[in-house]
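Quick notes on the structure that follows.
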Amino acid sequence: MAVKETIGDGGGRKYANSQFSDLNRKMQSAECRQCRIAREARGESTDGLADETHGRINSAGCEGMATTVTAAHHSIWRHLHDSMHAAQKPNSMLKFVTLDKESNMSTLWRREHFLRICSKEQLAEKAQDIEVTIKVKKSQEAWYNLDPGSFFVNRFWSRRQDGVAINVALKIVYILEFKRSTDRDEGFLEVKDAEANEQHKSIIGALQAAALEWEFEQINFVVGK
């Protein structure tokens with residue numbers, strides 16, 4: 001599903017896109033100032049800073065803007081999530097189980113509805129088989145080195161989704177994921193959709209293998225900006 005943020009009329013959008021394009025070209029020749037400020041505040045080295053582009057400072061990848069961008073992401077998703085819940089018909093059998101906040105897999109599998117799907121032990125066994133095929137990220141290396149034997153299962157239980165809904169009567173679980181991206185790049189919908197699917201392939205794969213009587217479907221919401 002794609003949603004596009006727009007402000008003003010078509011002429012205004014064209015003007016804004018032109019200005020951002022000019023800004024982007026100018027910024028690409030310089031190191032990211034926001035990242036530099038963030039590192040200097042932490043007393044860290046400023047070597048190897050990424051280029052400062054419009055796309056970077058509007059993403060959580062920018063060290064100086066990460067908190068602001070993440071807060072905006074959560075605010076938009078929470079509004080969309082709450083709107084879907086509010087639009088439900090009174091006799092709907094679909095239950096949104098993450099209305100208050102995100103839940104990781106470990107938290108979800110403490111809930112009665114999910115323990116009925118399969119045991120935590122069954123899910124962990126299937127998850128291990130998939131997690132070992134997924135590369136250990138550089139940011140996870142210290143965690144992995146502490147206990148390589150349990151790292152993969154623990155990584156699975158720590159995985160989060162933006163939302164989860166369950167229909168017990170029909171035995172269907174929906175994994176909801178929300179992505180924001182600049183829509184100036186052609187193919188951004190496909191890129192973000194593939195990114196979301198890759199992010200949760202361990203969850204979907206393990207659930208499908210551990211609970212054959214249930215269906216598991218991932219629904220991605222991609223917002224252009």
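The values are calculated or read from the model by the stated rules, or taken from the named source; none is laboratory data. Bear in mind the structure is a predicted one, so any value in this text is a computation, not a measurement. A quick note on method: Cβ atoms are made from the backbone with ideal geometry, for glycine too, and the neighbour counts reach across all protein chains shown.
Pairs linking a residue in the range 190-207 that is more than 15 Å from residue 221 (Cβ to Cβ) to a residue that is part of a helix (DSSP H, G or I) and charged (D, E, K, R), with Cβ atoms under 7 Å and 6 or more positions apart or on different chains, are 202/131; 206/126.
May I ask you to list the residues in the range 104-129 that are surrounded by 18 or more Cβ atoms within 10 Å (Cβ to Cβ) and not aromatic (Phe, Trp, Tyr)? Result: 105, 108, 117, 118, 123, 124, 126, 127. In the set (1) farther than 26 Å from residue 85 by Cα; (2) among the hydroxyl-bearing types (Ser, Thr, Tyr); (3) within 15 Å of the chain's Cα centre (by Cα), the condition left unmet by residue 158 is number (1). The residues of the range 109-151 that are not in a helix (DSSP H, G or I) and not hydrophobic (A, V, I, L, M, F, W, C), listed by number, are 110, 111, 116, 119, 133, 135, 137, 147.
For the range 153-169, the criterion of being touching a Phe, Trp or Tyr at 6+ places or on another chain (Cβ under 6 Å) and among the charged types (D, E, K, R) is met by at least one residue. Being at pLDDT below 95 and buried (at least 18 other Cβ atoms within 10 Å of the Cβ) is a property that holds for residue 192. The residues of the range 122-153 that are in contact (Cβ under 8 Å) with a residue 24 or more places away in the chain and among the charged types (D, E, K, R), listed by number, are 125, 126, 129, 131.
Residues that are assigned to a helix (DSSP H, G or I) and either out of contact with any Lys or Arg (no Cβ under 6 Å at 6 or more places or on another chain) or farther than 27 Å from residue 103 by Cα (or both) within the range 174-199 comprise 188, 189, 190, 191, 193, 194, 195, 197, 198, 199, listed in sequence order. Flag: residue 146 does not match the condition of being over 21 Å from the mean Cα position of the chain (by Cα), exposed (fewer than 13 other Cβ atoms within 10 Å of the Cβ) and closer than 20 Å to residue 109 by Cβ. Residues of the range 29-46 being assigned to a loop (DSSP other than H, G, I, E, B) and more than 16 Å from residue 60 (Cβ to Cβ), which ones? Once the filter is applied, which keeps residues that are assigned to a loop (DSSP other than H, G, I, E, B) and more than 16 Å from residue 60 (Cβ to Cβ), the range 29-46 yields 29, 30, 43, 44, 45, 46.
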